Amino acid sequence: MAGANRARPWPTTSTQIAAVVGDPIDHSLSPLLHNAAFHAMGLDWAYGAFQVGAEDATSVVAAFRTLGLGGLSVTMPLKAGIAAAVDELTPIAAAIGAVNTVMWRGDQVVGDSTDGRGFLDALADEGFVVEGRRCVILGAGGAARALAHALGSAAAADVALVARDPNKARAAAGVAGQCGRVGDDDAVRNADLVVNATPLGMAANDELPVDPLLFSGSQLVCDLVYSPPVTPLLAAARDRGATAMNGLSMLIHQAAAQIRAWTGQEPPLDVMSAAAVSTVSSRH
Ligand code: NAP
């Protein structure tokens, strides 16, 4: 196993190559997470990163096919473009119109999305049961649509989308099914779960995506942003007595789901988590 025992030169001609594609890509934790998992699993896989813009989605899928890559992770701004370029979409990827995972099914190149699954796994780790609960998603982009689909599929009572563009909020709410709707301040006030699915909180002087005075002690407030580990939104939520969860657990779980899809094997979540936590902490 060249991946596990590197006494001999590695990678070799039989090493399976996977990578993340997107722009920007230099701060991505995906190579760290996947390589830590592959190494611990003793798999002869290596994972890299390529900076690619939205205009090159079709070329990325062609390269995946020509080079016979093992798998691809897809991030902004390529998720919709790759969805349009693959041979087939899984039902989830088709419902949300976005792909974060490219894999083989026979000789077909298939696009999937593991973001929603990763989020539900992160909620389960936190002991949060979605069924029958009132949920608010802030934002209406790719991640918001993945979450809307996941929460709707997990039988949430209500999935309210709050976004600066009401038309986008309405479209994303439709992905949640019957329980989806456009939300407002009252939806946030009455929610069991509030999730920030906008990038607000990544930059030091970002405004908050919602008024934290709407939060209360019975709520779980999640931020998909994980760097910094405690965003201003999460700090404000804690001040109001709410439980706070950042996006790191989702990131690990969506990566783990990709490894299952590519290799059919169970990745070591503890190894991936330790690698991610130490790197994020060292950056702040
Ligand atoms: P996206 O498709 O670009 O959507 C971003 C959403 O945020 C859109 O609704 C956008 O509104 C809104 N938005 C952007 N800037 C805003 C502002 N200044 N004020 C109010 N709303 C604003 O991005 P995405 O892929 O959904 O990702 C969203 C966030 O989730 C990013 O921070 C990403 O890193 C994070 N994420 C984390 C994970 C994880 O595993 N933890 C996974 C996926 C994504 P408009 O459409 O009006 O521009």
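The values are calculated or read from the model by the stated rules, or taken from the named source; none is laboratory data. Treat the numbers as computed from the prediction; the structure is a model and nothing was measured. Counting neighbours? That spans all protein chains shown, and the Cβs are built from the backbone with ideal geometry, glycine included. The area values use the complete protein model at the heavy-atom level, side chains included, leaving out ligands, DNA and RNA. Shrake-Rupley method; radii C 1.70, N 1.55, O 1.52, S 1.80 Å.
For residue 173, the conditions (1) within 28 Å of residue 241 (Cβ to Cβ); (2) open to solvent by less than 10 Å² (accessible area, probe 1.4 Å) are fulfilled apart from (1). Of all the criteria given as (1) closer than 24 Å to residue 212 by Cα; (2) buried (at least 18 other Cβ atoms within 10 Å of the Cβ), the one not satisfied by residue 157 is (2). Being without any contact (Cβ under 8 Å) to a residue 24 or more places away in the chain and open to solvent by 60 Å² or more (accessible area, probe 1.4 Å) is a description that applies to residue 204. For the condition within 14 Å of the ligand (Cβ to nearest atom), open to solvent by less than 60 Å² (accessible area, probe 1.4 Å), at pLDDT 95 or above and in a helix (DSSP H, G or I), what is the one hit in 252, 259? Of 252, 259, the one residue that is within 14 Å of the ligand (Cβ to nearest atom), open to solvent by less than 60 Å² (accessible area, probe 1.4 Å), at pLDDT 95 or above and in a helix (DSSP H, G or I) is 252.
Once the stretch 84-137 is narrowed to residues that are of a type in the set (Lys, Arg) and not in a loop (DSSP other than H, G, I, E, B), the residue that is nearest to the chain's Cα centre (by Cα) is 117. Taking the criterion of being under 15 Å from residue 18 (Cβ atoms) and away from the ligand (no atom under 16 Å from the Cβ), the residues of the stretch 57-75 that qualify are 60, 61, 63, 64, 65, 67, 68, 69, 70, 71. Can you name the residue in the stretch 131-147 that is more than 8 Å from the ligand (Cβ to nearest atom) and open to solvent by less than 10 Å² (accessible area, probe 1.4 Å) and is also nearest to residue 185 (Cα to Cα) among such residues? Ranking the candidates gives 136 first. If you go through the stretch 150-168 and keep only what is under 19 Å from the mean Cα position of the chain (by Cα) and in a helix (DSSP H, G or I), you end up with 150, 151, 152, 153.
In this structure, is residue 209 surrounded by 17 or more Cβ atoms within 10 Å (Cβ to Cβ) and within 9 Å of the ligand (Cβ to nearest atom)? So residue 209 fits the description; yes.
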